[in-house]
Structures are given as structure tokens and as C-alpha cells.
Amino acid sequence: MTVRAAVFVSGSGTNLEALLKRQEAGDLQAQIVTVISDNPDAFGLQRAASHGIPAHYVPARGRPKAEYETEVLHILQEAGVEMIILAGYMRFVGPTLLNAWPGAILNIHPAYLPEFPGAHGIRDAWEAGVKETGVTVHYVDEGVDTGPVILQERVPVPETGGLEAMEAAVHAKEYDLFWRAVNKAVSHQHK
Ligand code: GRF
């Protein structure tokens, strides 16, 4: 079973890259058919293009969210998208997309939710001085990092190397967890 998926990125797109590698290895039960970004400079757009995946920049600033999301919705409908995967997408998803893909929007968060929600999950955990943090992949609802968890795993905070080492450990766990969570969500969608 495979579903057609869109990946949304706002930045570097290393998680997108990890998913594309899994797709090319035949490990991913979703087929990434399009990539969307609200940021024209997102390196994720170039990563998509270099894997032969159509990549779209859709401007979001200075216009109503519903108008922006309607433009995105048309691109996704055209591509026959059944699942949306947020991979470092720095905007809240509004009702236009939430209502069109109910229970089919996933997000990756670099902390063990409900610990450290929000835009700075790694730094907040670092500043709190925790011994372990984690990574969570969850369904998106109208809240901030609040939807039902699909998969989450702990990451011990490295004893040396500071915040940089912690970031590297969290990202490594993201690349290992995300594709498995996508597969779990796909199986669930088709039960
Ligand atoms: C990741 O840490 C992800 O958890 C968070 O944003 C970051 C995106 O990194 N939501 P990248 O663009 O995938 O490199």
C-alpha cells in the first residue's frame, strides 16, 4: 500500500532529504509527489528538484491564510495528494487544509511532546537542562504541537559537545523515526 504525499518545508529540508532517500531505497510506503514551500529560499526546494520531484514556492506573506492555503490546495489536488507531511514547515496549518485532509497531516517535532512544544524544541530542552529529550511525529490539529502522537522516541542528551551535539543527536533520531512514522500512518489510514 502506498499513498501520494506532499512534503511542506520552510528551510533546509534535511528531513525531506532523509525521506527521499528512504523512498528511493523502497522503504517508504508513501510516494512523495510534490514539495511545497512558503519560503522562496528554502533549500528544501532545491533538494526536491534534484530528486526530480516537482517543487512549488507559494507566497504566504501579506495575504490572507485562506487565500494562500487555497492556492496550495489546488496544487495538491492536481497532484492527487492523500497525505501531507510537514518537515520543518514554520506556519500553522489553517482550516482550509485541515478540513480537506482530515487526519492525514503529519508533523515532526524535535522534542518529546508534550514536553517543549513550539518553534524552539531543541533549544528549550537544552536550556531546561534535561538529561534526555526526544523526537515526536504526530497528527496535526488546530493546536500548536497538540495532535495525537504517531511515534515518539527518547534521545539522551550527549554529555559533551554542548547544544551542537544535542542538535545533531536529535536530528539523527528524526531521520531514523520520520519514515517509520509515515509508514505507520499509511498503514493506519488503510486499515
Ligand atoms: C526539524 O528539527 C524539525 O523537527 C523541525 O524543524 C526542523 C527542520 O529541519 N520541525 P530540516 O529543514 O528538515 O533540516
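Throughout, read-outs are computed from the coordinates displayed, never taken from laboratory work. Just so it is clear, the model here is predicted, and its values are computed rather than measured. Heads up, the Cβs are rebuilt from the backbone with ideal geometry, glycines too, and the neighbour counts pull from every protein chain shown.
List of remarks:
- Region 17-128 pair-distance distribution - Cα-Cα, 10 Å bins, rounded %: 12, 40, 36, 11, 0
- Each 5 Å bin from zero up to the one holding the largest Cα-Cα distance in region 3-189 carries the following percent of pairs: 1, 8, 17, 21, 21, 16, 9, 4, 1, 0.
- Residues in region 111-120 carry Karplus couplings, in order, of 7, 8, 4, x, 6, 6, x, x, 6, 10 Hz; the curve used is 6.51 cos²θ - 1.76 cosθ + 1.60 with θ = phi - 60°, and Gly or Pro positions show x.
- Contact order relative to length of region 1-45, as percent, for alpha carbon pairs under 8 angstrom and 6 or more apart: 55 percent
- Using the Karplus relation 6.51 cos²θ - 1.76 cosθ + 1.60 with θ = phi - 60°, the per-residue 3J(HN,Hα) values for region 26-42 come to x, 8, 9, 8, 10, 10, 6, 9, 7, 10, 10, 9, 8, 10, x, 9, 4 Hz, with x marking Gly and Pro.
- The gain in end-to-end length when the residue 99 to residue 164 segment is fully stretched comes to 19.6 nm, 0.36 nm per residue minus the alpha carbon separation.
- For region 23-78, the direction-averaged projected area of the alpha-carbon convex hull comes to 4.5 nm².
- Dipole orientation for the chain: of the candidates 83, 105, 7, 83 has the Cα lying most toward the positive pole (charges on Cβ; Lys, Arg +1; Asp, Glu -1).
- Which of 89, 57, 175 has the fewest Cβ neighbours within 10 Å, and the rest in rising order: 57, 175, 89
- With a simple spin-label model that places each label point 7 Å from the Cα along the Cα-to-Cβ direction, the separation between residue 43 and residue 66 comes to 3.8 nm.
- Multiplying the residue separation of residue 146 and residue 79 by 0.36 nm and removing their Cα-Cα distance gives an extension gain of 21.3 nm.
- Here the label points at residue 58 and residue 25, each 7 Å from Cα along the C-beta direction, are separated by 3.1 nm in the simple model.
- Relative contact order of region 3-189, defined on C-alpha pairs under 8 angstrom at six or more residues apart (%): 21 percent
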